[in-house]
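The values are calculated or read from the model by the stated rules, or taken from the named source; none is laboratory data. In this text the structure is predicted, and so the values were computed from the model without any measurement. Here the Cβ positions follow ideal geometry from the backbone for every residue, glycine too, while neighbour counts run over all protein chains shown.
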Amino acid sequence: MITTRKKGSARFNDKLTPYLFVAPQLIGYIVFMIIPITFSLYLCFHSWNFTSAAQFTGFDNFNFVFHDSIFLKTIGNTFLIAALVTPLTIVVALILALLCSAPMKGLSFYKSAFFLPMVTSSVSIAMVFYWIYAPDVGLMQFLLNGLSMSNPHWFTDSLWARLALTIMCSWLQIGYYFIIFLAGIKSISPSYYEAASIDGANSFQKFWYITRSMLSPVIFFSFVTLMIYSFNMFNEPYILTKGGPDFSTYTLSMYIYQYAFQSFKLGPASVASWVLFILIGIVTLIQFSFQRKMVNYDT
């Protein structure tokens, strides 16, 4: 009888052990993900300012947000910035990876130099670029003075402000994707290029039919992650342009921050958060719908 109990206890412990290992991660996921997401959905239909009791408002928060001209402008800004940052970052990172894929001296230095912005605070980088773009004392002004050119209105013109933000964000992300592309290029077997050379293929044909094709999974991954990064952008425009001029660089994340932690209107902020979540999900699903046509997983 005692032996039977010991066996039963051992079996119970064997079944319980895996759950004990998973429990910390599961508890953290529930506390920091499931509960906040559920609570934000609850706040979409309530008015709350952190101190008073939440009051049911129905669809008033949705009506307020969707009729807010600034909110509609932030959606356009978010898509525009993503459409500028994503291709620019991928193209420049891929070009740098192609240049560094050939044997060369100082390759380790270039890898470190290109990757360095990724391990640097985005706030610090935004402050550096702010002084680069400064109209009177910035480095850009100094260089343009040497060419007898005037400094563009980086912070007072909508077009130039978006361009300044795009350049900074791309520069911030290029190093990471440079490393990814370089690793992908190094993983391509040289035999493909040797066979192409025998068939008389030129450099462009080798790139288009071999390098681009074999790197398509990496390029697809880069597109997806860069789009998500662009949609969630906050530090960069907040420090560099404060969302101006005339809300031309105001993003959805800044809109959420404004209503949640400055105006203390958690209802509109929650609605905007869910809009951001849904937009990212839709864009990602669209990208994955083209995966079979764009990505070649054959090796």
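Can you confirm whether the stretch 31-41 contains a residue that is part of a loop (DSSP other than H, G, I, E, B) and at pLDDT 90 or above?
Checked the stretch 31-41: no residue is part of a loop (DSSP other than H, G, I, E, B) and at pLDDT 90 or above.
Identify all residues within the stretch 69-117 that are surrounded by 16 or more Cβ atoms within 10 Å (Cβ to Cβ) and more than 23 Å from residue 169 (Cα to Cα); write none if there are none.
Once the filter is applied, which keeps residues that are surrounded by 16 or more Cβ atoms within 10 Å (Cβ to Cβ) and more than 23 Å from residue 169 (Cα to Cα), the stretch 69-117 yields only 101.
Of all the residues that make up the stretch 266-299, how many are more than 17 Å from residue 37 (Cα to Cα), touching a residue at least 40 places away in the same chain (Cβ under 8 Å) and of a type in the set (Ser, Thr, Tyr)?
Matching residues across the stretch 266-299 total 3.
Being in contact (Cβ under 8 Å) with a residue 40 or more places away in the chain, among the hydrophobic types (A, V, I, L, M, F, W, C) and in contact with a Phe, Trp or Tyr (Cβ under 8 Å, 6 or more places away or on another chain) narrows it down to one of 228, 179, 210, so name that one.
179
Output yes when any residue across the stretch 249-265 is free of Cβ contacts under 8 Å to residues at least 60 places away in the same chain, of a type in the set (S, T, N, Q), surrounded by fewer than 17 Cβ atoms within 10 Å (Cβ to Cβ) and closer than 30 Å to residue 61 by Cα, and no when none is.
Looking for residues that are free of Cβ contacts under 8 Å to residues at least 60 places away in the same chain, of a type in the set (S, T, N, Q), surrounded by fewer than 17 Cβ atoms within 10 Å (Cβ to Cβ) and closer than 30 Å to residue 61 by Cα, one finds at least one in the stretch 249-265, hence yes.
Give me the residue from the stretch 143-171 that is hydrophobic (A, V, I, L, M, F, W, C) and outside any helix (DSSP H, G or I) and, out of that set, surrounded by the most Cβ atoms within 10 Å (Cβ to Cβ).
154
Out of 21, 32, 50, report the one residue that is outside the structural domain of residue 273 (by TED's automatic domain parsing), over 30 Å from residue 208 (Cα atoms) and under 25 Å from the mean Cα position of the chain (by Cα).
Only one candidate passes the filter, namely 32.
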